[in-house]
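To keep things clear, I will list the structure first and then write my remarks on it.
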Amino acid sequence: VFVGYNFFTFRVQPDQQGVVLQFGEFNRQAQPGLNFRLPPPIEQVFTPSVTTINRADIGTRADDRRAASRDVPEESLMLTGDGNIVDIDFAVFWRISDAALFLFNIQNPEGSVRAVAESAMREVVGRSEIQPLLTQGRQITETAVQELMQDALDSYGAGVEITQVQLLTVDPPSQV
């Protein structure tokens with residue numbers, strides 16, 4: 001019985017990567033364009049956007065009701081290698097590099113990116129002194145955090161590419 005043309009086809013947009021599950025297990029990746037599949041109980045298709053650059057803010061949160069943002073000190077306060085405390089707000093820009101790994105290897109990819117970002121920044125800040133962080137060492141810190149994050153996410157098989165780490169504010173704590 002022929003059910004219909006659309007029942008056996010699906011479209012993957014140019015900015016997407018198709019992932020086909022057969023009986024609930026990964027079967028293949030589908031390229032952009034028109035693709036064929038078996039009926040829904042047999043095959044299921046996911047099409048996440050792989051060109052969208054996502055942003056994760058660490059140390060600050062945007063308030064939905066206002067344009068203002070609020071500080072999250074449990075994320076932003078860090079101890080430097082020379083025993084000082086520094087308040088760092090930063091943003092991580094990332095995209096999906098492998099849709100199958102992104103969808104099925106880790107349970108909460110966005111949360112994992114945030115946790116790895118905070119951990120990597122704490123490690124890099126913990127090896128640094130406060131003066132370079134406040135002045136000329138920002139670029140070195142951003143690069144070191146990006147490389148550390150990418151290594152960790154690759155070891156998890158997260159299917160995520162870190163495109164940029166950007167320090168927003170680096171200040172002594174407000175109490176100082």
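Structural remarks
- Qualifying positions in segment 130-161 - in contact with a Lys or Arg (Cβ under 9 Å, 6 or more places away or on another chain) and either aliphatic (A, V, I, L, M) or part of a helix (DSSP H, G or I) (or both): Pro132, Ala144, Val160
- A residue that is surrounded by 14 or more Cβ atoms within 10 Å (Cβ to Cβ), in contact (Cβ under 8 Å) with a residue 40 or more places away in the chain, touching a helix residue (DSSP H, G or I) at 6+ places or on another chain (Cβ under 7 Å) and over 17 Å from Leu77 (Cβ atoms) cannot be found anywhere in segment 120-136.
- Within segment 137-176, the set of residues being within 14 Å of Met78 (Cα to Cα), at pLDDT below 90 and open to solvent by less than 70 Å² (accessible area, probe 1.4 Å) comprises Thr169, Val170, Pro172, Pro173.
- Remark: pairs (first residue in segment 23-35, more than 16 Å from Phe102 (Cα to Cα); second residue in a loop (DSSP other than H, G, I, E, B) and open to solvent by 70 Å² or more (accessible area, probe 1.4 Å); Cβ separation under 6 Å; 6+ apart in sequence or on different chains) = Pro32/Pro14.
- Tally of residues being open to solvent by less than 60 Å² (accessible area, probe 1.4 Å) and either farther than 18 Å from Val19 by Cβ or not in a helix (DSSP H, G or I) (or both) across segment 99-113: 4
- Selection of first residues in segment 161-175 that are touching a residue at least 12 places away in the same chain (Cβ under 8 Å) and over 28 Å from Ile96 (Cα atoms) and of second residues that are polar (S, T, N, Q) and surrounded by fewer than 16 Cβ atoms within 10 Å (Cβ to Cβ), restricted to Cβ pairs under 7 Å at least 6 apart or on distinct chains, gives an empty result.
The values are calculated or read from the model by the stated rules, or taken from the named source; none is laboratory data. Keep in mind the model is a prediction, meaning the values are calculated, not measured. All Cβ positions, even for glycine, are placed from backbone atoms using ideal geometry, and neighbour counts span all protein chains on display. Side chains included, ligands, DNA and RNA excluded: accessible areas come from the protein's heavy atoms. Shrake-Rupley method; radii C 1.70, N 1.55, O 1.52, S 1.80 Å.
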